[in-house]
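Here is the structure we will look at.
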Amino acid sequence: MRPKFLVLALLILPSLAAEGQHHFKVLHAFGSGTDGAGVWDSVTLDARGNVYGTTSGGGAHKAGTAFRIVPGSNEQWSEVILHSFFSRPHDGAGPLGGVVLGPSARLYGTTQVGGTYSAGTVFELGLGPHGWREATLYSFGNRDLACCPWGKLVLDPEGNLYGTGGSVFELSPGPKGWTETILHVFTGDYGDGSGPQAGPIRDSAGNLYGTTLHGGGSNECGDGCGTVWELEPLASDEAPGGMAWTEIILHRFGFVAGDGAFPGLGRLAMDRKGNLYGTADSGGPYLAGIVFRLTRPSAASSGVWTETILHGFAEDQNGFEPSGGVILDNAGNLYGTTIAGGSGNGVVFKLSPQADGSWKYTLLHTFNGYDGSQPDANLTLGADGKLYGTTATGGTYGGGVVFQLTP
């Protein structure tokens, strides 16, 4: 079972090659011995092509790991466990959101539980003279409104970190340590969202964008079908840090016939025009999820973002329940995964824009369980033009895999 509640300027990536045969390779299968298990978010690549991520379980203390997978000769890859989380006395446990790469090759991530108050942590990993060392930067309090973060962090040029738990939070470094600021609390009331799973993205102006699993006010889904939101910073002498943040709901799911419901673990993507792309793992014209675009309003428009459903999934071998979000390449193609469908273990897909305004769906890979199962995170497109991704389960030892897909 996948978890129920679990940056970026513009996500523009190199174009993949033309359609044709696709080479799939498992870089590492998790779950053996004291290895980690359960990869619920995307991987991060450095300039040398090393692959970094986290597992929510396994490791030396059964509380999760942070790992690096290194390319070697003859296309062989090897895993290095950078840290096995311990949960006590102050270490975190259960990292679900992967890691982001910061200055000086340092890695930043979150754990959902553990830490001083057992409500999760933000951690840093750095390479020193005696190997990799983990430090807990911040422990969330048991009554902290940002408790128990799930999604990946985003780092701004000033070194501030942004993430989501029960709220959107900012962590800022200072001489006395890191300071938490709550930017917005999701209440689910009056059309607001609730239950964010995915981490936020950030544009060049400093605005944050994300989704909530529930809320929005629609009666079609009980607690609401979810939202897409934006947070805009405005200078304020009275606000913490001199900045007040205003929430704008860009879309509420479930109010239009055939609309999607429950945007899940995958982060949004943004094109050069500022339009947003994402997925919802339920609803749609065939009731099995959608890929959507939200078009930014023009200066002459009413200021309302417009939703377009680019693809509706059905419960068939082409995949369904696309909870993992999508990414963009320079040609405007979208790449994503579904957690179900195919042979029952999920798929990797591509959506290509056509001259008539439609989008062509291409099935790139079907998982068979032995090569992974339940891909439920954003893909990553490397500088080499290859797709890198994760599955939460499956593989040789059942603990999930990191894979590479080459067109």
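None of the figures in this text is laboratory data; all of them are computed from the coordinates on show. What you see is a predicted model; the values in this text were computed from it and never measured. Positions of Cβ are generated from backbone atoms using ideal geometry, with glycine treated the same way; all protein chains shown enter the neighbour counts.
Rank by packing, highest mean first: peptides 176-188, 317-329, with packing defined as the count of other Cβ atoms within 10 Å averaged across residues.
317-329, 176-188
Taking only the alpha carbons of the stretch 356-406, what extent do you get along each of the three principal axes, in Å, biggest first?
Principal extents (largest minus smallest coordinate, Cα): 45, 23, 16 Å.
Measure off 7 Å from each Cα along the Cα-to-Cβ vector at TRP178 and THR406, then give the distance between these two points in nanometres to one decimal.
About 3.7 nm separates the two model spin labels.
Place the peptides 387-399, 247-259 in order of packing, highest mean first, counting for every residue the other Cβ atoms within 10 Å and averaging per peptide.
Result, highest mean first: 387-399, 247-259.
Karplus couplings for the stretch 384-399 from phi (6.51 cos²θ - 1.76 cosθ + 1.60, θ = phi - 60°), rounded to Hz, Gly and Pro as x?
7, x, 9, 8, 10, x, 9, 10, 6, 9, x, x, 4, 10, x, x
What is the extension gain from ARG48 to THR362, computed as 0.36 nm multiplied by their sequence separation minus the C-alpha to C-alpha distance, in nm to one decimal?
110.0 nm
Step through the residues of the stretch 318-332 one at a time and calculate ³J(HN,Hα) from phi using the Karplus curve (6.51 cos²θ - 1.76 cosθ + 1.60, θ = phi - 60°), rounding each to whole Hz and writing x for Gly and Pro.
Once θ is set to phi - 60°, the couplings for the stretch 318-332 become 7, x, 7, 6, x, 6, x, x, 9, 10, 10, 10, 5, 7, x Hz.
If you place +1 on the Cβ of every Lys and Arg, -1 on the Cβ of every Asp and Glu, and leave all else neutral, what size is the dipole of the chain about its Cα centre, to the nearest 20 Debye?
For this selection, approximately 740 debye.
Give me the compactness ratio for the chain, meaning the Cα radius of gyration over 2.2 N^0.38 Å.
That works out to 0.92 for the chain.
Would you mind checking which residues have amide H under 5 Å from LEU364's amide H? H placed 1.01 Å from N; only 5 or more apart, or other chain.
VAL348, PHE349, LYS350
Cα-based Rg (one decimal) and Dmax (whole number) for the stretch 228-381, in Å?
Final numbers for Rg and Dmax: 17.0, 57 Å.
Under 12 Å Cα-Cα from LYS350, which aspartates and glutamates qualify once same-chain neighbours fewer than 8 residues away are excluded?
Answer for LYS350, where 12 Å is the Cα cut-off: GLU19, ASP329, listed by chain and number.
Taking θ = phi - 60°, what integer Hz values does the Karplus form 6.51 cos²θ - 1.76 cosθ + 1.60 yield along the stretch 83-92, in sequence order, with x for Gly and Pro?
Using θ = phi - 60°, the values come out as 7, 9, 6, 10, 6, 9, x, 10, 6, x Hz.
Taking 51 Å as R0, compute the FRET efficiency from the Cβ-Cβ separation of ARG272 and HIS61 and round it to 0.05.
According to the calculation, E is roughly 0.70.
Considering the dipole of the chain built from charges on the beta carbon (Lys and Arg +1, Asp and Glu -1) around the Cα centre, which of HIS61, ILE327, SER87 is farthest to its positive end?
Farthest towards the positive pole: HIS61.
Calculate the FRET efficiency for ARG296 and SER204 from the Cβ-Cβ distance with a Förster distance of 22 Å, rounded to the nearest 0.05.
Calculated transfer efficiency: 0.95.
Between SER73 and THR308, what is the label-to-label distance in nm when each label sits 7 Å out along the Cα-to-Cβ direction?
About 5.1 nm separates the two model spin labels.
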